[in-house]
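What follows is a short report on a single structure.
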Amino acid sequence: MTLKEEIGRTFGRDAAEVAVGNGSVELIRAFCSAVLGTGDAAYVESPTFAEYGVSVRLAGARCTADENGAAVRFLCNPNNPPTGKLLTRVEVLRLLEGVAGRGACLFLDEAFIELSDPAQSVVDVSHENLFLLRSLTKSFAVPGIRFGYAFGAPELIERVETVRLPWTVNAFAESFAIELSGTTTSLRSRGSGLPGSVPGSAAAWMFSISAMRPPLCELYPY
């Protein structure tokens, strides 16, 4: 089973609805490059993750305080940083309905949803005006793995994957992501709050890889 198929199986989505990247930031930039351009505007609520605004400007677009004139509406749920504000699932779906009604796209960042209240996620919702960003590495405290993934309509995912650089998800990150993706159900079932530890199967995988790694003194003898 491929990485995208495993992620799709875990969340009840088709593999064609899944994008993967070298961390969440790569997918933010790829999305903006695929969707935004010169003359476009994006609504980025402040304060929030600064990378949204950076990626909008790198795509040649601009940030606006007028939500009605925006082609994309960014939402980090829960907000990170700095407020940690969490919208309910009902509130997010209502927001999506309004954004779609204006012909715009909702970029929803749920990178920290597993650490707050997974029940408020809309990861199961397939909508042509929704691009939903996720992260395994934050939930399991391994950000150095650099792996992010996202869900969207197949046409949108194809556009994002087309502009994204090739081969950015290495074999180590892919193997780790496949192992962890099977544990997200148990993580969600524990409800809100920080997970106590990396689940057993993933932890065993981590230690097996560590045991195979040569000591630093062998790699750098001087």
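The H on the amide N of residue 111, modeled in the peptide plane, is under 5 Å from the matching H of 77, each at least 5 residues off or on a different chain. Summarising the amide proton neighbourhood of residue 63: residues at separation of 5 or more, or on other chains, whose placed amide H is nearer than 5 Å comprise 42.
FRET efficiency for the residue 16 to residue 46 pair, using the beta carbon distance and R₀ = 45 Å, is estimated at 0.85.
Using a 7 Å offset from the Cα along the Cα-to-Cβ direction at both residue 128 and residue 66, what is the distance between the two label points in nm, to one decimal? With each label placed 7 Å out from Cα toward Cβ, I get 2.6 nm. The protection proxy used here, the mean number of other Cβ atoms lying within 10 Å of each residue, ranks peptides 105-115, 163-173, 73-83, 147-157 as follows, highest first: 105-115, 147-157, 73-83, 163-173. Residue-wise HN-Hα couplings along segment 49-61, as the Karplus relation 6.51 cos²θ - 1.76 cosθ + 1.60 with θ = phi - 60° gives them from phi, are 4, 5, 5, 4, x, 4, 5, 4, 5, 5, 7, x, 9 Hz; Gly and Pro carry x.
Compute the relative contact order of segment 1-118 as a whole-number percentage, counting only Cα pairs closer than 8 Å that sit 6 or more residues apart in sequence.
Computed over segment 1-118, the figure is 20 percent.
Surface composition of segment 1-53: carbon plus sulfur atoms hold 48% of the accessible area, using a 1.4 angstrom probe and ignoring ligands, DNA and RNA.
The values are calculated or read from the model by the stated rules, or taken from the named source; none is laboratory data. Values in this document were obtained by computation on a predicted structure and should not be read as measured data. Methodologically, a virtual Cβ is constructed for each residue, glycine included, from the backbone with ideal geometry; neighbour enumeration extends over all protein chains shown. For accessibility, only protein heavy atoms count, side chains too; no ligands or nucleic acids. Shrake-Rupley method; radii C 1.70, N 1.55, O 1.52, S 1.80 Å.
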